[in-house]
Structures are given as C-alpha cells and as structure tokens.
Amino acid sequence: MTRFALLGLLVLLVGAGTAGAGPTVPTDGTLIVKDGVGRIVIAAKGGVIGRFDKGQVTIKDPIPGDGTGPIVTGAEAEQSINDTTTRYSGTNVRFGIIGGKFSITVDASNIDLSVIGNGSVKLVGRGTSDDGSYSMNGGPSQAFPAFLFTFALEPPLPVPGG
C-alpha cells in the first residue's frame, strides 16, 4: 500500500503544480484493476505498480536507465529470461516499474494494480463470476472480461465544450 500512497501523492503534487496553469489536456491513459483473476499484459511507456496474492509477473525493461527498472518484493522465485526480462513468482508479491518503456505480464489471482502511460493492454479473466474489475481513465468499474480484451492505454477523448 505504501507504493500506492506514494503514487497518489505524486499525482497530487503534479496536479497542485499545474493548478494555476489553466486547463490541461491529459497526455496519459490510466488503468486500475481490483481483485483481478487471470492475465494482464501491458506494453507501455509510463509506470505501473501492483500486487497479487499468488502467481507470477514477467517484467521486460528494454531500455536500462530510462526509469526505475523493476522493483519487486515478496517473490519466492526469480528467473532471468534474458538480459532485459525477468519472471518473478510467489505469494503476496508486490511489483512496479516507473518511467520509461516496459512490458509486463501478470498471471495471478487477486491482482491489484494501477497504470499510467501510453501503450496497449490485454486483459483476460478465468471466466468465473468473481474475476475482479477494471476501470479505464477514471471511468466506471467493469467486470474483468472472460475473453481476451485488447485496448489502447491512451488519454480519454476531450469533452466537447469542456
């Protein structure tokens, strides 16, 4: 929860610094997943923080030094796939990568994560009635899909007259 609090504080600070600058147009999209059960694949430029109860996360950081690099705690196993990709597995695993390009695949139960940036997302649940939920760009919460659902992680369309 500390990383979620830090991300929230960062968003508040950025918002406070631009509050007097007039209307702004969002340049990033957002995704929030709560209690997700299934698979999430994100390829983006931006940041992600998350956790899961049991499963694995594979993180690819293709450009070393353009962000924090993978930050993972609680993993019981770590497997290097190649120079830029590592798979972590276990229970109660927390993970993140902030800044720069990344690709992340989470295959787990009870996934909670927040993403901000630009790129693509794939979601697929396990097809049960309690696969969790997701929300894009601050929109309404939706049931985690039982089929492969692919969408762009991008800013919301501007509201006419707003």
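Readers should treat all values here as calculations from the given coordinates under stated rules, not as data from a laboratory. Not measured: the values here are computed from a predicted model. Ideal geometry is used to build each Cβ from the backbone, glycine not excepted, and the neighbour counts take in all protein chains shown.
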key: Label point distance in nm, T68-N110, each placed 7 Å from Cα along Cα→Cβ   = 2.2
query = In nanometres, what is the gap between the two model label sites at K34 and N82, each 7 Å from Cα along Cα-to-Cβ?
reply = 3.8
note = Most exposed first, judged by fewest Cβ atoms within 10 angstrom, L157, L148, L113 run L157, L148, L113
key: Hydrodynamic radius (Kirkwood) for region 66-105, which is based on Cα pairs only, to one decimal in Å   = 10.8
ask   = If we count other beta carbons within 10 Å of each Cβ, what is the order of V93, V57, V72, fewest first?
value = V72, V93, V57
query = So, in region 27-153, how many Lys pairs have Cα atoms under 22 Å apart, if the pair is 8 or more places apart or on different chains?
reply = 10
note = To the nearest 0.05, the calculated FRET efficiency linking S133 and K45 through their beta-carbon distance, R0 being 30 Å, is 0.75
message = Normalised radius of gyration for region 70-162, please: alpha carbon Rg relative to 2.2 N^0.38 Å, two decimal places.
response = 1.25
